[in-house]
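Only the coordinates and a few stated rules stand behind these numbers; no lab work does. Since this is a predicted model, take the numbers as computed values, not measurements.
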Amino acid sequence: MKYEYISRAVRKLKKKYGTGDVRELCGALKIVINPVPMGTGRTAVKGFFIRSARVKVITINSDLPEIVRRFILAHELGHAVLHGSSGCNTFHDVTLYDDSSETEKEANLFAAELLMNDEDVLDQINNDGTFFSAASMLGVPMELLDFKFRMMKWKGYKLVEPPVVSRSDFLKEIPIPENHDDDYA
């Protein structure tokens, strides 16, 4: 799947439903969001999308902090939109940023394109100039900003190389607070 297809899919969704909010888009697409506690360990399932008998469900690990759940939901929405007919996609941190998996890469690119608009990324980079502070101000993991940079470079933006290369194990290093928000419950 090409960058153009992913970018167009995100643009069409936002235009058709008048929003870029992940939960609102899931509602508009009649995708049920099912929060389930699945633990915070390294091998815990983060989320998955399943379609069965025309019912579409994204199950999301409610034990994770909001910043992670938001990205996982956008990632799984990417699977629903881009790969919806393929059935089930489980999302573990081991394969999250594995570029050898084309469907995972596409879902990551979709999530990056959905959650961040080009102008906001440019504003953050131009205001502070550091990749890490831009990711923090945008409320996304730095690995997700790396995927957004890939999309923006494809669009023709001249950007410096990010100081990180998306790693498959970044989620295991994110501290999980004992009492975090539970916005999906």
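At-a-glance table
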quantity	calculated
Above-threshold pairs, the threshold being 31 Å between Cα atoms, out of Lys15/Lys158; Lys12/Lys105; Lys56/Lys158; Lys46/Lys158	Lys56/Lys158; Lys46/Lys158
Solvent-free Debye scattering, log10 I(q)/I(0), computed from the Cα coordinates of segment 3-157 at q = 0.12 Å⁻¹	-0.48
